[in-house]
Structures are given as structure tokens and as C-alpha cells.
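Written out below as C-alpha cells is the structure these notes cover.
The values are calculated or read from the model by the stated rules, or taken from the named source; none is laboratory data. Keep in mind it's a predicted model, so treat the numbers as computed, not measured. All Cβ positions, glycine included, derive from the backbone under ideal geometry; neighbour counts span all protein chains shown.
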Amino acid sequence: MTVAVESVLYRASSAGGPSGVVGDTPPRLVLPDTAAGAFGLEQERALGFFGSPVDPAAFLAELERSGLRGRGGAGYPAHRKFAAVAGAHGETVVVANGHEGEPASAKDRWLLTHRPHLVLDGLLLAAVVTGASEAIVYVSDADALASVEGAIAELAAAGLVPDGLALRTHRAEHTYVAGEESAVCRSINGFPAKPTSKPPRPYESGVRGLPTLISNVETLAHVAWIRRHGAAAFAEVGSGTSSGTALFTLTGAVERPGVYEMSLGKTIDHLIESAGGATAGIGGLMVGGWFGGLLAGDRSSLVCCYDAVREAGSGLGCAAVTVLGRNDDLVEVAGELSTWFQSESAMQCGVCVSGTNAIARAFRQMQRGDTSTVHQENLIRWGDTLTGRGACGFIDGAAALARTAGAELARRSERKES
Amino acid sequence: MRVTVDPTKCDGYGTCFAMCPSVFRSDDWGYASTEGDGTVPLEDEEMARRVIALCAEHAIREIS
């Protein structure tokens, strides 16, 4: 007899769910009309996108003034990434990364299916700034791919693709690691979408061995917005080193899971309130998708900016937020997550194969009733020592899970003893 | 001198951290990585070059 095991993990719906704007956030990407479906080229042009040509150096300076940081996960300053490829000699390539392998995130798919032209406007700008001869949209979701291909055809028909620029899509495999930058280049170059050891990084040698800018699709949408409205307007909202708005994918024990635009620097409870509130209290959070570990307890006052989330021991990442209810067992969630890490490893690096296996085994043994403290100690040690050891950041996510779940288990043990 | 270990190639032979522990370290399963940013102390540069040549998987590279 086969017993079906119900998943305790919350995943984002493929369509992203409902969308909205949080509180007094100025709507930039999620507009009232986008609820009705995809914007067309004429709607975007009516809003002033696909505007006048930019001077590459002046626009780079404008990007720096905006303080825009990448919305794909790492939060790296956008102008530095752009400048690294703009400063390269010879032919270059730009890639819009819409792969979104993170299971708790749907905002990139939402953007590509609701405002594909805005992303393409940002991609064309990136091509101008870096002097690229080829611009590629890298995507795995079928609906997102169809939406982008339709938008590219519209741009071509309207004569908006500059002469000398090849604009196309590349369909990616749907694995988690396929969205990592070096895996993106490998896939486009005709190989399995698996990360490579660095150096070289894609800005040095990427697609066809050329200096390649890889930018998340939401980052590119903000780039287009900055050309239209300016850096000062972009930075009117946000906090400290986190300027502008971001698309948050909210999942878990909330009334209306979905994609919400919110100014950076606001607290989690603003986000939860916009989604109709928590349905079962707040027992914990997962911020930055499945890669930021678990934050136990009611963390609804956590400020959503890069610095505050990092200080809390997690990472804002792609701004995917999962609310765990008080009925959700954090150890059970961590155990299933550890099995997911084990199965999603690209199986390239010894440390990743062995590390994800060991972490999953530790959780399994604890779930079978093994109360030995050695498992907690191992998890905390792996959490501290495995970060940065793989060819990509995948093992870092498993390490964050081990560190945060291990610490929570240790706290529970102490409470029992006292 | 700086070196890097390609984690996709390392097969855990352990030669590097046995011969040059100031630069290389091991995880729980014997796979190698560099200490810090892989900077080699001046007095260990010759040993680091020998380790690069001896690595059975050619997993270690000098990067600067």
C-alpha cells in the first residue's frame, strides 16, 4: 500500500495569485489595470516607456544615483553590474533572467505575463548601455515564454528593436540551479544548465565566451521606470541602502497569497495586512524564499530591506515571504525542505552532495524520534561552515536552513530542560 | 599569490590540506576549499605550487 505524504511546504501558485499594492506604496509595476491582464505595447508607450535614446555614460550615472539593487536574489548594486560589462572591450551580450526557480516566488512570472514590454524596455536599455549585440530573455515557464515572444514580435513590428541587435528568447530547464548566472550562460551555450566554478564570472566570460550582463527581469523593469521617471523619483521611497519598491511574493498562512508591490523599508505586517491578514497566527517566517532559512516566532515587525533582513540572520533575496502559521511545525517544515535541497542539488560539487545528504539525514533521524543532541550540533556546525563552499550558492541555502533550524531546536531543548 | 579550488572537480583526495594547511581546509567529508580568499602566505608559495601540480583532479588554480 502506498501512503501519500502531504507536503507541509507552501509554494507560490504558477500564475502568482492575486496582485496588489501595499499601503501607501506608489504603484510602479503593479498598476490598477494590470489586474485585467497583460499590458500591450501601446499601453506602455502611453505611459511614456520606450522613450528617447539615452547616453550610456549618463544613464549609468543615473542608475548609480537611483540606488537600484538587483531584485533576483543577491541584491548587488545594478549600476556596478552594468558598468562591469559596459567597460569590457569588444562584443557583449545582455540577458534578462526570468527563470525564477525559487518555489516560493512568482513575481517574475507575474511581471513577464502582465508587463512583458516593460522588461523588454529595460533589456533594450541595458543593451544600449553595455553596447551589446545580442539580448536574450531567459525563461522556463511556458506562459511567460509565450507572453515575451508575443511582446518581442510586437516590438519588431513597431520597429523598436535597434538595428544590429538580435533580440530573442531562450527556454531554460525548470530546475532550481538553472537560474544561477553561470548556469544561465551554460544553458544558452548549449550545455546542461548547471553552475560553473568562478572565476570567470559571466561579466568576464559568459554567452559565447563574451562579457555578459545577466539581470533579473524585475531589475530591468525598474531600469525602464528609472529612465522614464528619473533616479530621484525612484529613490523617493525605500530606506537606507534599499531604495524603491519591490515585488513581494507572499505565500503561506495568509488570506490572499499573491504578488504585492511594496516600498522597501516597510514591515512584514504591512504586507500581511494587504493580503487580508494571517489565517493561523504567525509561527515563523521564511524570507527570501527557501534559501534564507527559518525565522521562528512572530517576526511581523521585521523591516523589509536588505540590511535589516540580513541582520535578522536571513536575506531579502527575491523578496519571497512565506508566513508559517502557529499550527505549522517548524521542524517538520525544515525536514521536508532538507529533502528538497537533497533532490535539487546539481550533484556537481562533493560538498553539496554530501552536505545536503547529511542535513536531510539528520532531520529524518530526529523525526524518527532520535533525540540525540549530536544532530542539533551538526546542523549548527554545517550552518556555520558550509556557506560559500560550492560552485554556486545552493549549498548556502541548505546551510542557512541547518543553521536556523538547528538554533531553534537548541532553543526548544533548553526550554524543556529549564 | 591567490589560489582557488574548483568544487565541481575536487574529489577529496586531501593532498592540499595535508601539505599546505595554511591555505587549504577540509569539510566534514574531506572536500577542500581555501582559507579566506585563497591568499597564500609568502613562505608557502612554493608548497602551494607543488600542491597545484599534485592535485589528482587538477582542481586547484592560481588566480593571481
Of the residues in segment A:155-204, those that are hydroxyl-bearing (Ser, Thr, Tyr) and away from every other protein chain (no Cβ under 14 Å) number 5
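Condition first: in a loop (DSSP other than H, G, I, E, B) and in contact with a Leu (Cβ under 9 Å, 6 or more places away or on another chain). Can you find one or more residues in segment A:319-337 that meet it? Steps first, please.
Quick first cut of segment A:319-337, residues in a loop (DSSP other than H, G, I, E, B) only: A:319, A:325-329.
Next, only the ones that are in contact with a Leu (Cβ under 9 Å, 6 or more places away or on another chain) stay: A:319.
Looking through segment A:319-337, at least one residue is in a loop (DSSP other than H, G, I, E, B) and in contact with a Leu (Cβ under 9 Å, 6 or more places away or on another chain).
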Residues that are of a type in the set (Phe, Trp, Tyr) and surrounded by 24 or more Cβ atoms within 10 Å (Cβ to Cβ), drawn from segment A:286-343:
A:Trp290, A:Phe291, A:Phe341
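Quick check on segment A:346-358. Is at least one of its residues within 14 Å of chain B (Cβ to nearest Cβ), assigned to a helix (DSSP H, G or I), among the hydroxyl-bearing types (Ser, Thr, Tyr) and surrounded by 22 or more Cβ atoms within 10 Å (Cβ to Cβ)?
Yes, segment A:346-358 has at least one match.
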Only residues in segment B:42-64 that are over 15 Å from B:Arg25 (Cα atoms) count as the first member; pair them with residues that are of a type in the set (Ser, Thr, Tyr), Cβ under 7 angstrom, at least 6 apart or cross-chain, and list the lot.
B:Leu54/B:Thr15; B:Ala56/B:Tyr13; B:Arg61/B:Thr4; B:Ile63/B:Thr4
Per the filter on segment B:15-27, residues assigned to a strand (DSSP E or B) and in contact with a Cys (Cβ under 7 Å, 6 or more places away or on another chain) are B:Phe24
Considering segment A:365-394 alone, what residues qualify as being within 12 Å of another protein chain (Cβ to nearest Cβ), of a type in the set (D, E, K, R) and not in a helix (DSSP H, G or I)?
A:Arg389
Restrict the check to segment A:348-360 and report whether at least one residue is at pLDDT 95 or above, farther than 19 Å from B:Ser33 by Cβ and among the small types (Gly, Ala, Ser).
yes
When restricted to B:Gly30, B:Gly12, B:Gly36, the only residue free of Cβ contacts under 8 Å to residues at least 12 places away in the same chain, among the small types (Gly, Ala, Ser) and either assigned to a loop (DSSP other than H, G, I, E, B) or within 12 Å of chain A (Cβ to nearest Cβ) (or both) is B:Gly36
Pick out the one residue from A:Gly51, A:Gly37, A:Gly72 that is touching a helix residue (DSSP H, G or I) at 6+ places or on another chain (Cβ under 9 Å), exposed (fewer than 14 other Cβ atoms within 10 Å of the Cβ), at negative phi and modelled with pLDDT under 95.
A:Gly51
Which numbered condition A:Glu149 misses (of (1) closer than 19 Å to A:Gly37 by Cα; (2) charged (D, E, K, R); (3) in contact with a helix residue (DSSP H, G or I) (Cβ under 8 Å, 6 or more places away or on another chain))
(3)
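So if I check each of A:Leu167, A:Leu145, which one is out of contact with any Phe, Trp or Tyr (no Cβ under 7 Å at 6 or more places or on another chain), surrounded by 18 or more Cβ atoms within 10 Å (Cβ to Cβ), of a type in the set (A, V, I, L, M, F, W, C) and part of a helix (DSSP H, G or I)?
A:Leu145
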Residue within segment A:359-378 that is more than 21 Å from A:Ala178 (Cα to Cα), within 18 Å of the chain's Cα centre (by Cα) and without any contact (Cβ under 8 Å) to a residue 60 or more places away in the chain present
no
Within segment A:298-314, does at least one residue satisfy the condition of being assigned by TED's automatic domain parsing to the domain that holds A:Gly244, more than 23 Å from the chain's Cα centre (by Cα) and at pLDDT below 95?
yes
Would you pick out the residues in segment A:403-418 that are assigned to a helix (DSSP H, G or I) and over 13 Å from A:Ala296 (Cα atoms)?
A:Ser413, A:Glu414, A:Arg415, A:Lys416, A:Glu417
Provide a single number: the residues in segment A:395-418 that are within 14 Å of another protein chain (Cβ to nearest Cβ), more than 24 Å from A:Thr196 (Cβ to Cβ) and within 20 Å of the chain's Cα centre (by Cα).
0
Given the criterion among the aliphatic types (A, V, I, L, M), part of a strand (DSSP E or B) and within 21 Å of the chain's Cα centre (by Cα), identify the matching residue among A:Ala193, A:Ala135.
A:Ala135
